[in-house]
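Read the structure below first, then the notes.
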Amino acid sequence: MDLSPERDIKAYMQALGRAAREAARAMARAETAAKNRALEAMAAAIEREQARLIAENAKDVEAARAKGLEPALIDRLTLTAKRIAAMADGLRQIAQLPDPVGEIIDLRYRPSGIQVGRMRVPLGVIGIIYEARPNVTADAAGLCLKAGNAAILRGGSEAIRSNQAIAALVHEGLEAAGLPRTAVQVVEVTDRAAVGELLSMQAYVDVIVPRGGKGLIERISKEARIPVIKHLDGVCHVYIDEGADLEKAIRIADNAKTQRYGTCNTMETLLVARAIAPAVLPRLARLLLDKGVELRGCEESRRLVPEMKPATEEDWFAEYLAPILSVRVVDGLDQAIDHIARYGSQHTDAIVTEDYTRAMRFLREVDSSSVMVNASTRFADGYEYGLGAEIGISTDKLHARGPVGLEGLTSLKFVVLGNGHVRT
């Protein structure tokens, strides 16, 4: 669909909003069994239509290459059989998770005799704005559905064919379970004015979740008149402590950087304790260099690995999303934590050590949404955390933090149980 006049875009988006608000009321009262049937039907449809999804996606990829899009963007755009299977698996995992809606927690008697607790309820209508990741269409639909919400999904123009093909299968699953197809709506217009309209629809949209690059998220954070769940950068660190197991450290750091380059949980800076640097850095550097990773290091790192290029101050802040890695030798744990506090983005940071005390200090003192011991930063993901999938990662400290799954898509309201009680 291609609507250019501003009034048409506004009317179109308002219509989506009205439909979503109505669908949200139906979803809030939907039975768990119906939501799970929809998720299972979506997963089966995605598996059944794998060939069609790959064919539609190939058209998007071809157009993206013709426009000269960056390799990292094309990688995120591309659907493979493995990624399609992961979408279906994610939906099934969401179906198996406990339904959070209606759960009452902290119910207790007050001196007056009333019982006070909190009930978990849907957020309502969630607007999701994302760029080149078609899998977000399935992940977001599944999570919003299970948490009892309606969703308006606005994917990037570069993935329009892929997103529409996935949306058709999502609608098939909703209808199979007797749920409104308008519970998940994919914006069909590619005009950027649609994003601006979505960000201002306070009457219809309760929360905005951006998924994409820093530029997109900064724009949304600046323009939105609706609460936003977000993260900006993914400047993730792995710190190899002097108490690390060498083989473990090399395996973790290699995976954190090279398992996939274009993701927000990929390691961008490696920190190495001075006491262990001569033993670990040359071996690890050779492994990374042989895989085509460009290394940019501090002066001490370059003495140990002459092939490294010099790192600048800007490199410590950089989210490369590419086969480039910054490397710094530090005095030890204190300097590593100080470096992360200054240059990090509060996304994901890891320590490799066999020293329990230092591991616990790292967990307590590193102020990030995910902090890890002896594990690759690539695990910072809703699917890996058992959330089924994630709608995004939040580095905010209010409402939701880290991978946002079902609980992050609900809110709590107070409920009071009485038996004729009156206040005196």
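Of note:
- Residue list for the stretch 161-170, filter: crowded, with 21+ Cβ neighbours inside 10 Å and either in contact with a strand residue (DSSP E or B) (Cβ under 9 Å, 6 or more places away or on another chain) or among the polar types (S, T, N, Q) (or both): 162, 163, 166, 167, 170
- Conditions (1) touching a Gly at 6+ places or on another chain (Cβ under 8 Å); (2) surrounded by fewer than 16 Cβ atoms within 10 Å (Cβ to Cβ); (3) under 29 Å from residue 284 (Cα atoms); number of the one not met by residue 322: (2)
- Unmet requirement for residue 284, which otherwise passes all of (1) within 18 Å of residue 263 (Cα to Cα); (2) touching a residue at least 24 places away in the same chain (Cβ under 8 Å); (3) crowded, with 18+ Cβ neighbours inside 10 Å: (1)
- Hey, residue 9 among the β-branched types (Val, Ile, Thr) and either open to solvent by less than 50 Å² (accessible area, probe 1.4 Å) or at pLDDT below 95 (or both) or not: yes
- Test: residue in the stretch 362-384 that is assigned to a helix (DSSP H, G or I), more than 28 Å from residue 118 (Cα to Cα), touching a strand residue (DSSP E or B) at 6+ places or on another chain (Cβ under 6 Å) and free of Cβ contacts under 8 Å to residues at least 24 places away in the same chain: yes
- Residue match in the stretch 397-410 (condition: surrounded by fewer than 16 Cβ atoms within 10 Å (Cβ to Cβ), of a type in the set (A, V, I, L, M, F, W, C) and within 30 Å of residue 299 (Cβ to Cβ)): no
- Residue in the stretch 218-231 that is of a type in the set (Asp, Glu) and either modelled with pLDDT of 95 or more or in contact with a helix residue (DSSP H, G or I) (Cβ under 8 Å, 6 or more places away or on another chain) (or both) present: yes
- Within the stretch 212-234, residues that are within 20 Å of residue 390 (Cα to Cα) and in contact (Cβ under 8 Å) with a residue 60 or more places away in the chain reach partners that are assigned to a helix (DSSP H, G or I) and of a type in the set (D, E, K, R) with beta carbons closer than 7 Å, at six or more positions or on different chains, in the pairs 232/214; 232/218; 233/214.
- When the stretch 94-107 is limited to residues that are of a type outside the set (A, V, I, L, M, F, W, C) and touching a residue at least 60 places away in the same chain (Cβ under 8 Å), the one that is least open to solvent (accessible area, probe 1.4 Å) turns out to be 100.
- Test set (1) open to solvent by 70 Å² or more (accessible area, probe 1.4 Å); (2) polar (S, T, N, Q); (3) more than 16 Å from residue 241 (Cα to Cα) - residue 357 fails condition number: (3)
- Every listed requirement among (1) open to solvent by less than 10 Å² (accessible area, probe 1.4 Å); (2) over 22 Å from residue 408 (Cα atoms) is met by residue 91 save one, (2).
- Selection count where residues are outside any helix (DSSP H, G or I), open to solvent by 10 Å² or more (accessible area, probe 1.4 Å) and either touching a residue at least 60 places away in the same chain (Cβ under 8 Å) or over 18 Å from residue 13 (Cα atoms) (or both), scope the stretch 126-154: 2
- Filtered residue count, the stretch 160-189, keeping only those that are out of contact with any helix residue (DSSP H, G or I) (no Cβ under 6 Å at 6 or more places or on another chain), among the β-branched types (Val, Ile, Thr) and in a helix (DSSP H, G or I): 1
- Considering 239, 261, the condition of being touching a residue at least 40 places away in the same chain (Cβ under 8 Å), among the aromatic types (Phe, Trp, Tyr) and open to solvent by less than 40 Å² (accessible area, probe 1.4 Å) is satisfied by 239 alone.
- If only residues of the stretch 374-386 that are more than 11 Å from the chain's Cα centre (by Cα) and within 20 Å of residue 95 (Cβ to Cβ) are counted, the one that is least open to solvent (accessible area, probe 1.4 Å) is 386.
- Looking only at residues in the stretch 108-125 that are open to solvent by less than 30 Å² (accessible area, probe 1.4 Å) and assigned to a loop (DSSP other than H, G, I, E, B), the one that is nearest to residue 213 (Cα to Cα) is 124.
The values are calculated or read from the model by the stated rules, or taken from the named source; none is laboratory data. A quick note: this is a predicted structure, and the numbers were derived from the prediction, not measured. All Cβ positions, glycine included, derive from the backbone under ideal geometry; neighbour counts span all protein chains shown. The area values use the complete protein model at the heavy-atom level, side chains included, leaving out ligands, DNA and RNA. Shrake-Rupley method; radii C 1.70, N 1.55, O 1.52, S 1.80 Å.
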